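Scroll down for the structure; my scribbles are underneath it.
The values are calculated or read from the model by the stated rules, or taken from the named source; none is laboratory data. From a predicted model like this one, the values you see are computed outputs, not experimental measurements. Glycine gets a Cβ as well: all are built from the backbone with ideal geometry, and neighbour counts include every protein chain shown. All accessible areas refer to the heavy atoms of the entire protein, side chains included, with ligands and DNA or RNA removed. Shrake-Rupley method; radii C 1.70, N 1.55, O 1.52, S 1.80 Å.
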Amino acid sequence: MLTLSGITKRYGGLLALDGVSIEFAPGEIHAVIGENGAGKSTLMNVLGGFIAPDSGTGSLGTSTPLPFGDPRRTRHLGIEMVHQHFVLVPEFSVAENLALSAIKSLSGALDLESATSKHRTLAARLGWTLDFNARTGSLPVGIQQRVELLKSLAAGGTVIVLDEPTAVLSDEEVSELFRVMGELRDEGRAVVLVAHKLREVLAVADRITVLRNGRIVGSTLADGTTEHELQTWMTGEALSPIASSSTIAGEICLEARGLQVSGDRGEEAIRGIDLVVRHGEVVGIGGVDGNGQVELAEAIVGIRSSRSTSLRRPEQIGYIPQDRHADALALTMSIKENFLIGSTTGPLLMPKAVNKGARSLIDKYNIKAQDINATVGSLSGGNQQKVVVSRVMERQPSLLVAVNPTRGLDFQATKFVHTAIGEAAQRGMAVLLISTDRDEIRDLATSVHRLEGGRI
Amino acid sequence: MTRFVPAIILILLLSLWAFGVNPITGCEIIARGAFGGEIGLSRTLVAMTPLLLTGLGMVIAWRAGMYNIGGEGQYIIGGLMGASVAKLHFGGPGVILLSTGLGGAFYGALAGWLQVKRGVHAAISTILLNFIALQILAWAVTGPLQAPGTTASQTATLEPGQMLAKWSNRTDLHSGVLLAVLLSFAVWMLLSYTSFGFHLRLTGENPLAARAAMLNADRIRVQAIALSGGLCGLAGGVQFLGTSGVIDVGFNQQWGFLGIPVALLGGLNALGALASSFLFGALMAGTQSLSRSVLGGDLLIFVIQGAAVLTFLAMRKRERGNA
């Protein structure tokens, strides 16, 4: 039994955790849910030993106190974290990344084969086909997460903490992951799941605890609750469904015939597809990660070269890339400067206009930011994504290309992004929505394709 | 910066002590050499000028993520270009100065082109280009640019009309000083208040985001390092036209390398570089005086500079770590 009691953590004026007491039992999948900024990440970081709380205690079993603020000793106790943002070396092969955490000694020869034998067995048992010699950075995020999972599973912790593990996975991969989580529980481990998709949480968790504003507002067995009740706990209000997009499609905005795109390694990522997006239409492209989604988006936007028999696209294209940290934001630059990315007009930046523009976007899109001169990295994930979405929407492009625009976002932020896209389409914007989230495609798209192996 | 000033004074005192100089007398000599009357102050400003120009060059390149280590080579090529134009009697100091900037810009752009088209990292290519520039310098001053009718390895001395204007006959203060100070404000404006400067910084901070914003990151990189090389070439030009009037094999004097600590100490900010180049200019002028009374005194500047940059980086790292 892993027990945390009275955990309080304060960041400046913000009370991130306010006297949180929680127990994680062996043989149980315990989901911790809440909006972005509710304190989930802080709680998990306390649990993993990355953050020392201001007050409160923790213990494993009856007598072992948790070494707060010491991640190495925490791991020795058998508490394993699977991070939302991967901690892999992109230049290393999969086998090298796995060996990195499995090899205990710095001396002696490096035998990748035996160092990763456990991982290979595990991967085989999970039915995962994984190229152990591939360069990790070249793999799609969905596959990289499997590497991350294997790393933690092979270390054999008694407590496995999964931070938003499904954010990047397709439905098939999610049910596969849930099967694995079930096995881990049946082996008698405590499985902690940090998540925000209620349907998934209800499907896999045994116990659900809801955080709001740093406090626990409810804890229940999964069997005794409903999606609606959890939603109310999380947001303090019941959410209304999003107005569905208009189905009246206008003139053709984007037309591609026989589009072929190469990936980073020269492989054929998109192998000849036809695609038409009309004004006022949201064309959804579903499918499992790593089937050419990013390459398709980049080719349409025009930042990756492509071949086609014909390609007609508008001048003004807005682009919401799938990885906001890598492709959309400069985390070390200020919030107001991040609003300018892709939206500068004219050769000069007038400080007054820049400040005014930033403040009006913050107001209009309800972005929680104290100071427009603070780095955008200091915002929560949801607010960072709002920065990206708002600056793209503000330019009113005739075509919007969005790749997984709500990945890792909570209800409110997801609803915000969906509403923004839906309303823009109603005003006549053509939208190409490439998403691995089936619910998102179903909620937003007026027509749906499925991308598989670079074909539709 | 407030905690850094006492630190640098401590370094100065310790270095003086290590060189076997009474720290108090040493400081007095340095202060008099750097700020003593118009002669001392002008010496400080003249030493500051090439430091500031190469420092600004580093600010521009490094902010764009182009680690230009080739200030030295760009400085030399700039100087040689100026000497060539001067030899042709093509125009006055303005034209010669312009050619030094263009020479340095060309040499910087070469490194940029090598990185974006051939995949050679600028940090590597610029180091190698420094060696090539040194050889070109040795060849030029004993070959095509050698002063006619002499055996000395140096160019012909500039005619008075080709030199930069001087304030007065008592000091070395030349108009290049003003140019450098004005350029530091220009670079600051460029980086902070223009779209080009913003895109340059974005490319340095996150090239993928620049790409996703449909910017041509490669072109921005080449432009940045060309500008950087141009400023370093200009530093060579200002030194040639303002101070030496002649180019010999020892022309470079490490000015290109010293631009790196100046830029780092200035926090990779143009106005910061103005402040740090003044500090180092003063130390340089001051230690010149010291060298007249102490053996190896002119080496002191390098010891202090190295120690100061290391201290600065260590302090900044620790402050970040605490945050």
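Worth pointing out:
- Residue ID - modelled with the highest pLDDT, chosen from residues in region B:164-202 that are of a type in the set (S, T, N, Q) and out of contact with any Pro (no Cβ under 8 Å at 6 or more places or on another chain): B:184
- From the options A:342, A:381, A:377, A:346, residue that is free of Cβ contacts under 8 Å to residues at least 12 places away in the same chain and among the small types (Gly, Ala, Ser): A:346
- The residues in region A:44-76 that are crowded, with 17+ Cβ neighbours inside 10 Å and either at negative phi or under 29 Å from the mean Cα position of the chain (by Cα) (or both) can be counted, and the count is 16.
- Residue match in region A:342-355 (condition: part of a strand (DSSP E or B) and touching a Leu at 6+ places or on another chain (Cβ under 6 Å)): no
- Meets criteria (out of contact with any helix residue (DSSP H, G or I) (no Cβ under 9 Å at 6 or more places or on another chain) and crowded, with 21+ Cβ neighbours inside 10 Å) for residue A:6: no
- Any hit, region B:264-271, residues being of a type in the set (A, V, I, L, M, F, W, C), surrounded by fewer than 24 Cβ atoms within 10 Å (Cβ to Cβ) and within 14 Å of chain A (Cβ to nearest Cβ): yes
- Selected residue (only one of B:194, B:126 is open to solvent by less than 40 Å² (accessible area, probe 1.4 Å), within 14 Å of another protein chain (Cβ to nearest Cβ) and closer than 30 Å to residue B:275 by Cα): B:194
- Checked against (1) out of contact with any Asp or Glu (no Cβ under 8 Å at 6 or more places or on another chain); (2) within 14 Å of chain A (Cβ to nearest Cβ); (3) buried (at least 24 other Cβ atoms within 10 Å of the Cβ), residue B:259 passes all but a single condition, namely (2).
- The listed residues are B:209, B:224, and the only one of them that is crowded, with 18+ Cβ neighbours inside 10 Å, in a helix (DSSP H, G or I) and within 14 Å of another protein chain (Cβ to nearest Cβ) turns out to be B:209.
To keep it simple, each residue is scored yes or no on (1) within 14 Å of another protein chain (Cβ to nearest Cβ); (2) loosely packed, with under 15 Cβ neighbours inside 10 Å; (3) over 21 Å from the mean Cα position of the chain (by Cα); (4) in a helix (DSSP H, G or I).
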{"residue": "B:164", "(1), (2), (3), (4)": "no, no, no, no"}
{"residue": "B:183", "(1), (2), (3), (4)": "no, no, no, yes"}
{"residue": "B:189", "(1), (2), (3), (4)": "yes, yes, no, yes"}
{"residue": "B:202", "(1), (2), (3), (4)": "yes, no, yes, yes"}
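- Residue that is surrounded by the most Cβ atoms within 10 Å (Cβ to Cβ), among those in region B:212-221 that are outside any loop (DSSP other than H, G, I, E, B), touching a residue at least 12 places away in the same chain (Cβ under 8 Å) and aliphatic (A, V, I, L, M): B:220
- Unique match (being assigned to a helix (DSSP H, G or I) and open to solvent by less than 10 Å² (accessible area, probe 1.4 Å)) among B:12, B:16, B:45: B:16
- Flag if residue B:149 is at positive phi, out of contact with any Cys (no Cβ under 6 Å at 6 or more places or on another chain) and more than 10 Å from chain A (Cβ to nearest Cβ): yes
- The requirement of being surrounded by fewer than 24 Cβ atoms within 10 Å (Cβ to Cβ) and over 25 Å from residue B:129 (Cα atoms) is not satisfied by residue B:242.
- Filtering region A:420-432 for residues that are open to solvent by 10 Å² or more (accessible area, probe 1.4 Å) and among the β-branched types (Val, Ile, Thr) leaves an empty set.
- Residues located in region A:308-356, provided they are open to solvent by 30 Å² or more (accessible area, probe 1.4 Å), hydroxyl-bearing (Ser, Thr, Tyr), in contact with a Ser or Thr (Cβ under 9 Å, 6 or more places away or on another chain) and more than 7 Å from chain B (Cβ to nearest Cβ): A:345
- Annotation for region A:390-407: at least one member residue is without any contact (Cβ under 8 Å) to a residue 60 or more places away in the chain, touching a Leu at 6+ places or on another chain (Cβ under 6 Å) and among the polar types (S, T, N, Q).
- Residue in region B:228-239 that is more than 29 Å from residue B:155 (Cβ to Cβ), out of contact with any strand residue (DSSP E or B) (no Cβ under 9 Å at 6 or more places or on another chain), touching a residue at least 12 places away in the same chain (Cβ under 8 Å) and part of a helix (DSSP H, G or I) present: no
- Scanning region A:82-98 for residues that are at pLDDT below 85 and surrounded by 15 or more Cβ atoms within 10 Å (Cβ to Cβ) yields A:82, A:83, A:84, A:86.
- Of all residues in region B:84-123, those satisfying the criterion of being more than 15 Å from residue B:229 (Cα to Cα) and open to solvent by less than 10 Å² (accessible area, probe 1.4 Å) are B:86, B:96.
- Within this structure, residue A:122 passes the test of being in the same structural domain as residue A:42 (by TED's automatic domain parsing) and out of contact with any Lys or Arg (no Cβ under 7 Å at 6 or more places or on another chain).
- Within region A:290-307, considering residues that are surrounded by 22 or more Cβ atoms within 10 Å (Cβ to Cβ) and modelled with pLDDT under 85, the one nearest to the other protein chains (Cβ to nearest Cβ): A:293
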